[in-house]
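> Once you've had a glance at the structure underneath, I'll fire off some questions.
Values in this text are rule-based calculations from the coordinates and carry no lab data. This structure is a prediction, so every number in the text was calculated from the model and none was measured. Here the Cβ positions follow ideal geometry from the backbone for every residue, glycine too, while neighbour counts run over all protein chains shown.
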2 protein chains.
Amino acid sequence: MKSYNVAILGATGAVGQEMLKVLEEYNIPVNRLLPLASARSAGGTVKFHGEDVTIQEATEDSFAGMDFVLGAVKNGMSRKFAPAIVKSGAVYIDNSSAFRLDPEVPLVVPEINGEDAFTNKGIISNPNCSSIITLMAVAGIARLSPIKSMVACTYQAVSGAGQAGLMELENQMKALTAGEKAVCSTFPTQIALNVIPHIGDELDNGYTDEEMKMQNEGRRILHLPELKVTCTCVRVPVMRSHSIAVTVRTERPVSVQEANEAIRSYPGCRLIEDYEGRNYPTPLDTSNQDLVWVGRVRRDLTDDNALTLWCCGDQIRKGAASNAVQILKRMIES
Amino acid sequence: MKSYNVAILGATGAVGQEMLKVLEEYNIPVNRLLPLASARSAGGTVKFHGEDVTIQEATEDSFAGMDFVLGAVKNGMSRKFAPAIVKSGAVYIDNSSAFRLDPEVPLVVPEINGEDAFTNKGIISNPNCSSIITLMAVAGIARLSPIKSMVACTYQAVSGAGQAGLMELENQMKALTAGEKAVCSTFPTQIALNVIPHIGDELDNGYTDEEMKMQNEGRRILHLPELKVTCTCVRVPVMRSHSIAVTVRTERPVSVQEANEAIRSYPGCRLIEDYEGRNYPTPLDTSNQDLVWVGRVRRDLTDDNALTLWCCGDQIRKGAASNAVQILKRMIES
């Protein structure tokens, strides 16, 4: 069996760490694993299949001989290293938003538009976490009738802000339980016992860049260039699964029964009809696994051509690391 | 100055306790305060204007001589005592949902339809907490152009489930922080570090009774009998303020500027443009006060006739106790 040299750019962050786990779990045939991080982390080790692997400092010379580079760094770093990765001949599967709207770069959720990955010119973008989870939930419906528009409200976990977000919520919980004041540094105000209806930078139209991703990325992933999406992104005090309440308007009416059937049979989705006595998932139910759980599909009351539903998925896994490794898997399987 | 005999039916619950505080704060001229509760609580005391007042067991004979009865009990108890209250000649301001859709019973948010209170035949209903907060936020827009429909997603505090809800979140936070398992009794699954997208009982159309309240009550309060509302009610681990993300479709397009102006000048509303460097409220900001805070008003991207906004308000206060006392205040001022 062929095996591959795989680098993880940003191997020490929440997503990078999870990429290592998912590579193991999926039994990806890795010949050489190369964990790359900043100079600060270089020299440390990560575990991979039981062995210690030394973290190296990421430089433009790091990628020689690599087949794939999984990116788990921010936009600036991604832009900095992308040319060197492409030049090295590796395929760069990038979790940042740096290239997601570049028409030369496929933006891929393997279950929805996996075939787009093969048009890559060296870079494949991994979509935004809320976009992946929402689009997975509605992709079965889109097969029945094209989606014209969506109104989505998110309930986003703190893991979307990385290790720092996870630590901040944990520390605030501890402080508040001990009767102390919560310290805020990662989020703009207290997140424990609160929700924050603003993620990312605000644009001229009043939406944040995070909120516009669902429309911009949804158009490319669903191959619906006219798709319109109104999104409100809200951070909630949940560790690692995002939830989304979404109203989906289709060209022709789709019945609840048809939609449920489409979701039930959609790869990567799990329709929740009776889970521990509930007909809906919660973020805790969906943590540490890869399926997007969907429930509460019902006819929208304001538009005969619309359905309203609820979905949850693990932000670090299907929202980031697992989707990236699934893209890699699709590439090597073909 | 005339003063009034006021009973609180359910004086020991989260809402009943808050009604006592609000009666004091608003300087309602109370001649006699009568705290009523179950036999279990009778004999205990509540503080009112610094004095201990003995709690009495609620019976059908409790209401003689009362001018107003503020109800903070569940539907069954409300239905049980309402006839005796009406017979006594008192006006019953009821926070339960027992009579909210009874065409003989006005359903009142004083700022929006205060004049409806005067058509009462002995009972006035206090609306659902999420309905009050959402309708307060959009009522200014409704003055500019009638609202045709709304899509609302709620982020509801645990106080909506009363003292038991508040205790459950606090206890779960303590348990999780100590590395122990969270115990669930009030909510169907863990609420700390989680969200639960199901409040109330599910109806045949897939919506819960809680979710239908915004349409059913909104029609009566806004005097828009054709109003359509799709609502997803979600419990979040927040103590006492509800938040709602709402898309509002009006008959004619309303600009963001017009809407902001209408919200800014609407009594009981506060438009958030710069609060501690943020242009949005969070539930923590709005706890323990009566205004509904509104922010992030922006043009909906899926419908030219729609706006999308975010609002927060204290569930126990404007969502329940304060609105009830404001109704009483309106009655005695006229």
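> So for segment B:179-334, averaging the separation of alpha carbon pairs under 8 Å that are six or more residues apart and normalising by length, what relative contact order in percent results?
Working: 229 pairs, mean separation 30.5, N = 156.
After rounding, I find 20 percent.
> Determine ³J(HN,Hα), in whole Hz, for all residues of segment A:288-305 in sequence, where each value follows from phi through the Karplus function 6.51 cos²θ - 1.76 cosθ + 1.60 and θ = phi - 60°; x replaces Gly and Pro.
Karplus values, whole Hz, x for Gly and Pro: 6, 8, 9, 7, 9, 9, 10, x, 6, 6, 8, 5, 5, 8, 9, 7, 5, 9.
> How big is segment A:26-91 by the Kirkwood estimate over distinct Cα pairs, in Å? Don't skip to the answer; put the middle values down first.
Numbers: mean 1/r = 0.0788 Å⁻¹.
For segment A:26-91, inverting the mean 1/r across all distinct Cα pairs yields 12.7 Å.
> OK, next. Using only Cα atoms, find the angle between the long axis of helix A:162-177 and the longest principal axis of chain A, and express it within 0 to 90 degrees, rounded to the nearest 10.
Helix A:162-177 and the main axis of chain A meet at about 70 degrees.
> Okay, next question. Can you give me the three principal axis dimensions of segment A:179-281 from its C-alpha atoms, in Å, biggest first?
In descending order, the Cα extents are 51, 42, 20 Å.
> I need the GluC sites (Glu not before Pro) found in segment A:16-122, filtered to DSSP loop residues with at most 14 other beta carbons within 10 Å of theirs. Mind showing how you got there, number by number?
Details: sites: A:Glu18, A:Glu24, A:Glu25, A:Glu51, A:Glu57, A:Glu60, A:Glu104, A:Glu111, A:Glu115; in loops: A:Glu60, A:Glu104.
When the GluC sites (Glu not before Pro) of segment A:16-122 are filtered for loop state and at most 14 Cβ neighbours within 10 Å, A:Glu60, A:Glu104 remain.
> A further question on this structure: To the nearest 10 degrees, how steeply does helix A:14-25 sit against the main Cα axis of chain A, on a 0 to 90 scale?
The helix A:14-25 is inclined about 90 degrees to chain A.
> Given the pairs B:Lys228/B:Lys318; A:Lys174/B:Lys213; B:Lys74/B:Lys329; A:Lys87/A:Lys329; B:Lys21/B:Lys148; A:Lys213/B:Lys181, which are separated by over 26 angstrom at their Cα positions?
On the way: B:Lys228/B:Lys318 23 Å; A:Lys174/B:Lys213 37 Å; B:Lys74/B:Lys329 23 Å; A:Lys87/A:Lys329 22 Å; B:Lys21/B:Lys148 37 Å; A:Lys213/B:Lys181 37 Å.
Too far apart for the 26 Å limit: A:Lys174/B:Lys213; B:Lys21/B:Lys148; A:Lys213/B:Lys181.
> Can you sort B:Ile123, A:Ile28 from fewest to most other Cβ atoms within 10 Å of each residue's own Cβ? Walk me through the numbers before you get to the answer.
On the way: B:Ile123 22, A:Ile28 17.
The fewest-first ordering by Cβ neighbours comes to A:Ile28, B:Ile123.
> Amide H to amide H under 5 Å from A:Lys148: which residues, 5+ apart in sequence or cross-chain, H placed 1.01 Å off N in plane?
Long-range HN contacts for A:Lys148: A:Arg249, A:Thr250, A:Glu251.
> Give the relative contact order (percent, whole number) for chain B; include only Cα pairs under 8 Å separated by 6+ residues.
Once divided by the residue count of chain B, the mean separation gives 18 percent.
> Could you tell me what % of all Cα pairs in segment A:1-51 have separations over 11 Å?
Details: 872 of 1275 pairs.
So the portion of pairs separated by more than 11 Å is 68 percent.
> With θ set to phi - 60° and the Karplus curve 6.51 cos²θ - 1.76 cosθ + 1.60, what are the ³J(HN,Hα) couplings of segment A:122-135 in order, to the nearest whole Hz, using x for Gly and Pro?
x, 10, 10, 9, 8, x, 4, 4, 5, 4, 4, 5, 5, 5
> In the protein assembly as shown, what % of DSSP beta bridges are antiparallel (nearest 5)? Mind showing how you got there, number by number?
Values: 58 of 116 bridges.
Among the beta bridges of the protein assembly as shown, antiparallel pairing accounts for roughly 50 percent.
> Next up: Read phi for every residue in segment B:243-250 and hand back ³J(HN,Hα) as whole Hz from Karplus 6.51 cos²θ - 1.76 cosθ + 1.60, θ = phi - 60°, with x for Gly and Pro.
10, 9, 9, 9, 9, 10, 9, 10
> Continuing with this model, one more query. Take the Cα atoms of segment A:238-281, find their three principal axes, and give me the spread along each one in whole Å, biggest first.
37, 20, 20
> Between the DSSP loop rule and a limit of at most 11 other Cβ atoms within 10 Å, which GluC sites (Glu not before Pro) in segment A:124-216 are left? Before the final figure, lay out the partial values.
Working: sites: A:Glu168, A:Glu170, A:Glu180, A:Glu202, A:Glu210, A:Glu211; in loops: A:Glu180.
Loop-located and lightly packed - A:Glu180.
> How would you classify segment B:158-233 from its alpha-carbon gyration tensor, with a ≥ b ≥ c the square roots of the eigenvalues: rounded for a/c under 1.5, else prolate if a/b is greater than b/c, otherwise oblate? Present the calculation step by step, with values, prior to reporting the outcome.
Working: a/c = 3.67, a/b = 2.67, b/c = 1.37.
Taking the square roots of the gyration eigenvalues as a ≥ b ≥ c, segment B:158-233 is prolate.
> Here is a further query. Provide the percentage of antiparallel DSSP beta bridges, counting only those with both residues in chain A; round to the nearest 5.
Details: 29 of 58 bridges.
Bridges in chain A are about 50 percent antiparallel.
> Roughly what % of Cα-Cα distances in the protein assembly as shown sit above 38 Å, to the whole percent? Before the final figure, lay out the partial values.
Details: 84144 of 222778 pairs.
It works out to 38 percent of all Cα pairs.
> Rounded, prolate or oblate: which fits segment A:102-197 when a ≥ b ≥ c are the square roots of the eigenvalues of the alpha-carbon gyration tensor, with rounded for a/c under 1.5 and prolate only if a/b beats b/c?
Numbers: a/c = 3.74, a/b = 2.10, b/c = 1.78.
The shape class here is prolate.
> Also, I was wondering about something else. What value does segment B:213-334 have for Rg/Rh, both radii from Cα atoms and Rh as Kirkwood defines it?
Values: Rg = 15.2 Å, Rh = 15.7 Å.
Using Cα coordinates only, the ratio equals 0.97.
> A further question follows. For each of B:Ser3, B:Ser243, A:Ser97, count neighbouring Cβ atoms within 10 Å of the residue's Cβ, then give the residues from fewest to most.
Listed from fewest to most nearby Cβ atoms, that is B:Ser3, A:Ser97, B:Ser243.
> Separate question: Considering just Cα atoms, how many Å³ per residue does the convex hull of chain A enclose? Before the final figure, lay out the partial values.
On the way: hull volume 51.6 nm³, N = 334.
That works out to 155 Å³ per residue.
> If you line up the long axis of helix A:75-88 against the longest principal axis of chain A, both from Cα atoms, how many degrees apart are they, to the nearest 10?
Once rounded, the angle reads 60 degrees.
> Just flag the trypsin sites (Lys or Arg not before Pro) in segment B:36-125 sitting in loop per DSSP whose Cβ has no more than 14 other Cβ atoms within 10 Å. Mind dumping the intermediate values first?
Working: sites: B:Arg40, B:Lys47, B:Lys74, B:Arg79, B:Lys80, B:Lys87, B:Arg100, B:Lys121; in loops: B:Arg40, B:Lys74, B:Arg100, B:Lys121.
Listed in order of number, the matching sites are B:Arg40, B:Lys121.
> I need the inter-copy label distances for A:Lys74: point set 7 Å along Cα to C-beta, values in nm with one decimal, smallest first.
Spacings between copies for this position, smallest first, are 5.0 nm.
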